[in-house]
1. Between rounded, prolate and oblate, where does the chain land on the alpha carbon gyration tensor, with a ≥ b ≥ c its root eigenvalues, rounded for a/c under 1.5, else prolate if a/b exceeds b/c?
2. For Ile29, what is the net charge nearby, where nearby means another residue's Cβ is under 11 Å from its Cβ and Lys, Arg count +1, Asp, Glu -1?
3. How far apart, in nm, are the 7 Å Cα→Cβ label points at Asn61 and Val36?
4. Based on Cβ point charges of +1 for Lys and Arg and -1 for Asp and Glu, what charge dipole magnitude is obtained for the chain about its Cα centre, in debye rounded to the nearest 20?
5. Given a 1.4 Å probe and every protein chain left where it sits, what share in percent of the accessible area of the chain is carbon and sulfur?
6. For the chain, with every protein chain kept in place, what is the accessible area per residue (1.4 Å probe, Å²)?
Amino acid sequence: MIPKDFKVLMHLRNNARKKLVIIAKEVGIPASTLNVNFKLLQKVFVKKSTVLLNYALLGYNIRIAFFIKS
């Protein structure tokens, strides 16, 4: 994995909805190369895509975590 792949992953981690063309410009690689690399990165490194909710805006002021020891 080259350093530019790490930069791409960091951009996607910060904003997964950002267009690949914009990420390619910011990282400094052609968009076509990023598109091919992205498919490989997605197969190898990305387990799943998910949504992180802002519970305070939804009206939930308390967050509880349960830990179960077996």
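1. prolate
2. +1
3. Spacing of the two 7 Å Cα→Cβ label points: 5.6 nm.
4. Computed charge dipole of the chain: roughly 120 debye.
5. 60
6. The answer is 96 Å² per residue.
The values are calculated or read from the model by the stated rules, or taken from the named source; none is laboratory data. Small disclaimer: the values here were computed from a predicted structure and weren't measured. All Cβ positions, glycine included, derive from the backbone under ideal geometry; neighbour counts span all protein chains shown. Heavy atoms of the whole protein, side chains included, go into the accessibility calculation; ligands, DNA and RNA do not. Shrake-Rupley method; radii C 1.70, N 1.55, O 1.52, S 1.80 Å.
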